[in-house]
Amino acid sequence: MISAIASILFVNLFDTAGTLVGVATQAGLTNSQGDIKNLDRALHADSTSSVAGAFVGCAPVTSYVESAAGVAAGGKTGLTACAVGALFLAMIFFAPLAGMIPPFATAGALLYVALLMMSGMQHLSWSDPTELLPALLTIIMVPLSFSIANGIAAGFLSYVILKVIAGKSSDVSAAAWVMAAHFYSAVCFRLTRTRVIQERERLAHRRCNRSWLSVKLGRYDP
(Lines give C-alpha, C1' and ligand atoms only; values in the text may rest on other atoms or scores of the structure.)
Protein backbone atom coordinates (compact mmCIF):
# COMPACT_ATOMS: atom_id res chain seq x y z
CA MET A 1 0.00 0.00 0.00
CA ILE A 2 2.80 2.43 0.92
CA SER A 3 4.68 1.74 -2.31
CA ALA A 4 1.51 2.32 -4.36
CA ILE A 5 0.80 5.62 -2.59
CA ALA A 6 4.41 6.76 -3.04
CA SER A 7 4.35 5.84 -6.74
CA ILE A 8 1.13 7.77 -7.36
CA LEU A 9 2.46 10.73 -5.36
CA PHE A 10 5.70 11.08 -7.30
CA VAL A 11 4.09 10.46 -10.69
CA ASN A 12 1.52 13.17 -10.01
CA LEU A 13 4.16 15.52 -8.60
CA PHE A 14 6.58 15.31 -11.49
CA ASP A 15 3.89 15.19 -14.17
CA THR A 16 2.53 18.43 -12.71
CA ALA A 17 5.98 19.98 -12.30
CA GLY A 18 6.93 19.21 -15.89
CA THR A 19 3.66 20.58 -17.20
CA LEU A 20 3.90 23.76 -15.12
CA VAL A 21 7.47 24.42 -16.21
CA GLY A 22 6.62 23.99 -19.88
CA VAL A 23 3.41 26.02 -19.81
CA ALA A 24 4.87 28.77 -17.60
CA THR A 25 7.87 29.11 -19.90
CA GLN A 26 5.56 29.37 -22.89
CA ALA A 27 3.51 32.03 -21.08
CA GLY A 28 6.58 34.03 -20.07
CA LEU A 29 5.88 33.61 -16.36
CA THR A 30 9.48 32.78 -15.43
CA ASN A 31 12.24 35.12 -14.32
CA SER A 32 15.80 35.35 -15.64
CA GLN A 33 16.87 32.35 -13.51
CA GLY A 34 14.04 30.20 -14.88
CA ASP A 35 12.05 30.23 -11.63
CA ILE A 36 8.26 30.19 -11.91
CA LYS A 37 6.33 32.95 -10.20
CA ASN A 38 3.87 31.70 -7.55
CA LEU A 39 4.78 28.07 -8.20
CA ASP A 40 3.68 27.09 -4.69
CA ARG A 41 0.16 28.37 -5.36
CA ALA A 42 -0.07 26.40 -8.57
CA LEU A 43 1.06 23.21 -6.82
CA HIS A 44 -1.41 23.78 -3.98
CA ALA A 45 -4.26 24.24 -6.45
CA ASP A 46 -3.26 21.14 -8.39
CA SER A 47 -2.94 18.94 -5.30
CA THR A 48 -6.27 20.17 -3.91
CA SER A 49 -8.07 19.46 -7.17
CA SER A 50 -6.47 16.00 -7.39
CA VAL A 51 -7.74 15.10 -3.91
CA ALA A 52 -11.20 16.52 -4.63
CA GLY A 53 -11.41 14.62 -7.91
CA ALA A 54 -10.44 11.36 -6.19
CA PHE A 55 -13.22 11.82 -3.63
CA VAL A 56 -15.89 12.10 -6.32
CA GLY A 57 -14.41 9.27 -8.39
CA CYS A 58 -13.66 11.18 -11.57
CA ALA A 59 -10.59 11.16 -13.79
CA PRO A 60 -7.41 12.83 -12.44
CA VAL A 61 -8.01 16.55 -12.02
CA THR A 62 -4.62 18.04 -12.75
CA SER A 63 -2.80 20.42 -15.06
CA TYR A 64 -2.43 19.30 -18.66
CA VAL A 65 0.17 20.23 -21.22
CA GLU A 66 -2.61 21.06 -23.72
CA SER A 67 -2.91 24.33 -21.80
CA ALA A 68 -0.02 25.55 -23.94
CA ALA A 69 -2.48 25.98 -26.81
CA GLY A 70 -4.55 28.37 -24.71
CA VAL A 71 -1.42 30.22 -23.62
CA ALA A 72 -0.39 30.64 -27.25
CA ALA A 73 -3.82 32.14 -27.92
CA GLY A 74 -3.20 34.76 -25.25
CA GLY A 75 -4.73 33.27 -22.10
CA LYS A 76 -2.38 33.81 -19.14
CA THR A 77 -4.62 34.62 -16.16
CA GLY A 78 -6.99 32.80 -13.82
CA LEU A 79 -9.93 34.31 -15.68
CA THR A 80 -8.97 32.18 -18.67
CA ALA A 81 -9.11 29.02 -16.55
CA CYS A 82 -12.54 30.00 -15.18
CA ALA A 83 -13.88 30.65 -18.67
CA VAL A 84 -12.53 27.34 -19.97
CA GLY A 85 -14.04 25.50 -16.99
CA ALA A 86 -17.45 27.05 -17.63
CA LEU A 87 -17.27 26.08 -21.29
CA PHE A 88 -16.30 22.52 -20.38
CA LEU A 89 -19.34 22.36 -18.09
CA ALA A 90 -21.57 23.49 -20.92
CA MET A 91 -20.00 20.98 -23.31
CA ILE A 92 -21.08 18.05 -21.12
CA PHE A 93 -24.39 18.06 -22.97
CA PHE A 94 -22.54 17.78 -26.31
CA ALA A 95 -20.24 14.96 -25.19
CA PRO A 96 -21.96 12.32 -27.40
CA LEU A 97 -21.32 14.46 -30.45
CA ALA A 98 -17.67 14.95 -29.47
CA GLY A 99 -17.32 11.19 -29.05
CA MET A 100 -18.19 10.75 -32.73
CA ILE A 101 -14.96 12.51 -33.74
CA PRO A 102 -12.22 9.90 -34.38
CA PRO A 103 -8.93 10.28 -32.43
CA PHE A 104 -6.83 10.82 -35.55
CA ALA A 105 -8.90 13.92 -36.33
CA THR A 106 -7.69 15.62 -33.15
CA ALA A 107 -4.06 14.47 -33.37
CA GLY A 108 -3.13 17.67 -35.19
CA ALA A 109 -3.92 19.71 -32.09
CA LEU A 110 -1.47 17.61 -30.04
CA LEU A 111 1.23 18.12 -32.66
CA TYR A 112 0.63 21.86 -32.48
CA VAL A 113 1.00 21.77 -28.70
CA ALA A 114 4.23 19.80 -29.08
CA LEU A 115 5.64 22.43 -31.42
CA LEU A 116 4.77 25.14 -28.89
CA MET A 117 6.53 23.26 -26.11
CA MET A 118 9.66 22.75 -28.24
CA SER A 119 10.26 26.50 -28.28
CA GLY A 120 11.91 26.17 -24.86
CA MET A 121 14.84 24.33 -26.44
CA GLN A 122 16.33 27.66 -27.47
CA HIS A 123 17.34 28.21 -23.84
CA LEU A 124 19.45 25.03 -23.67
CA SER A 125 23.20 25.27 -23.34
CA TRP A 126 24.15 23.68 -26.66
CA SER A 127 27.87 24.06 -25.99
CA ASP A 128 27.81 21.96 -22.78
CA PRO A 129 26.99 18.26 -23.37
CA THR A 130 26.44 17.66 -19.65
CA GLU A 131 23.58 20.15 -19.77
CA LEU A 132 22.30 19.40 -23.27
CA LEU A 133 22.17 15.58 -23.31
CA PRO A 134 20.00 15.18 -20.16
CA ALA A 135 17.52 17.69 -21.57
CA LEU A 136 17.37 15.90 -24.92
CA LEU A 137 17.02 12.54 -23.21
CA THR A 138 14.12 13.90 -21.17
CA ILE A 139 12.42 15.18 -24.32
CA ILE A 140 12.85 11.81 -26.05
CA MET A 141 11.81 9.63 -23.13
CA VAL A 142 8.54 11.45 -22.38
CA PRO A 143 6.78 10.27 -25.59
CA LEU A 144 8.55 6.91 -25.70
CA SER A 145 7.54 6.01 -22.13
CA PHE A 146 4.13 7.76 -22.32
CA SER A 147 4.95 9.47 -19.02
CA ILE A 148 6.34 12.89 -18.12
CA ALA A 149 7.54 11.46 -14.80
CA ASN A 150 9.61 8.76 -16.51
CA GLY A 151 11.17 11.34 -18.80
CA ILE A 152 12.11 13.54 -15.85
CA ALA A 153 13.56 10.50 -14.06
CA ALA A 154 15.79 9.73 -17.06
CA GLY A 155 16.87 13.36 -17.17
CA PHE A 156 17.84 13.48 -13.50
CA LEU A 157 19.79 10.22 -13.64
CA SER A 158 21.65 11.11 -16.83
CA TYR A 159 22.40 14.62 -15.54
CA VAL A 160 24.09 13.35 -12.38
CA ILE A 161 25.94 10.57 -14.22
CA LEU A 162 27.28 12.90 -16.92
CA LYS A 163 28.35 15.52 -14.39
CA VAL A 164 30.28 12.89 -12.40
CA ILE A 165 31.93 11.46 -15.53
CA ALA A 166 32.92 14.95 -16.71
CA GLY A 167 34.42 15.79 -13.31
CA LYS A 168 31.79 18.44 -12.60
CA SER A 169 30.11 16.80 -9.62
CA SER A 170 30.39 20.08 -7.71
CA ASP A 171 27.82 21.54 -10.14
CA VAL A 172 25.20 19.03 -8.99
CA SER A 173 22.96 20.48 -6.30
CA ALA A 174 21.91 18.56 -3.20
CA ALA A 175 18.35 18.37 -4.49
CA ALA A 176 19.55 16.78 -7.75
CA TRP A 177 21.53 14.16 -5.80
CA VAL A 178 18.47 13.33 -3.71
CA MET A 179 16.16 13.07 -6.71
CA ALA A 180 18.67 10.95 -8.65
CA ALA A 181 18.97 8.58 -5.67
CA HIS A 182 15.20 8.37 -5.42
CA PHE A 183 14.73 7.61 -9.11
CA TYR A 184 17.54 5.04 -9.03
CA SER A 185 15.89 3.23 -6.12
CA ALA A 186 12.52 3.42 -7.92
CA VAL A 187 14.03 1.84 -11.04
CA CYS A 188 15.64 -0.93 -8.98
CA PHE A 189 12.33 -1.56 -7.21
CA ARG A 190 10.45 -1.82 -10.51
CA LEU A 191 13.00 -4.21 -12.00
CA THR A 192 12.99 -6.39 -8.88
CA ARG A 193 9.19 -6.48 -8.79
CA THR A 194 9.06 -7.37 -12.48
CA ARG A 195 11.48 -10.25 -12.00
CA VAL A 196 9.53 -11.55 -9.00
CA ILE A 197 6.27 -11.45 -10.97
CA GLN A 198 7.89 -13.23 -13.92
CA GLU A 199 9.31 -15.91 -11.63
CA ARG A 200 5.91 -16.48 -10.02
CA GLU A 201 4.28 -16.77 -13.43
CA ARG A 202 6.95 -19.22 -14.55
CA LEU A 203 6.44 -21.41 -11.47
CA ALA A 204 2.65 -21.29 -11.88
CA HIS A 205 3.00 -22.28 -15.53
CA ARG A 206 5.28 -25.17 -14.58
CA ARG A 207 2.78 -26.43 -11.97
CA CYS A 208 0.01 -26.19 -14.53
CA ASN A 209 2.02 -28.24 -17.02
CA ARG A 210 2.78 -30.87 -14.39
CA SER A 211 -0.90 -31.12 -13.45
CA TRP A 212 -1.87 -31.48 -17.10
CA LEU A 213 0.75 -34.17 -17.63
CA SER A 214 -0.45 -36.04 -14.53
CA VAL A 215 -4.01 -36.00 -15.86
CA LYS A 216 -2.88 -37.31 -19.23
CA LEU A 217 -0.97 -40.15 -17.56
CA GLY A 218 -3.80 -40.94 -15.18
CA ARG A 219 -1.78 -40.09 -12.10
CA TYR A 220 -3.62 -36.99 -11.00
CA ASP A 221 -4.95 -37.23 -7.47
CA PRO A 222 -7.33 -34.35 -6.65
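The values are calculated or read from the model by the stated rules, or taken from the named source; none is laboratory data. If you're wondering where the values come from, they're calculated on a predicted model, not measured in any experiment. As a convention, Cβ positions derive from the backbone with ideal geometry for all residues, glycine included, and neighbour counts pool all protein chains shown.
Things to note:
- Some residue of region 168-189 being touching a Leu at 6+ places or on another chain (Cβ under 8 Å), at pLDDT 80 or above and of a type in the set (Gly, Ala, Ser): yes
- Residue within region 142-149 that is within 30 Å of Val71 (Cα to Cα), touching a residue at least 24 places away in the same chain (Cβ under 8 Å) and not β-branched (Val, Ile, Thr) present: yes
- Pairs where the first residue, in region 187-214, is within 27 Å of Gly155 (Cβ to Cβ) and in the same structural domain as Asn150 (by TED's automatic domain parsing) and the second is modelled with pLDDT of 75 or more and surrounded by 10 or more Cβ atoms within 10 Å (Cβ to Cβ), C-beta under 9 Å, 6+ apart: Val187/Ala153; Val187/Leu157
- Of the criteria (1) over 18 Å from Thr25 (Cα atoms); (2) surrounded by 14 or more Cβ atoms within 10 Å (Cβ to Cβ), which one Ser127 fails: (2)
- Within region 133-184, the set of residues being under 18 Å from Val21 (Cβ atoms) and either among the basic types (Lys, Arg) or assigned by TED's automatic domain parsing to the domain that holds Leu13 (or both) is empty.
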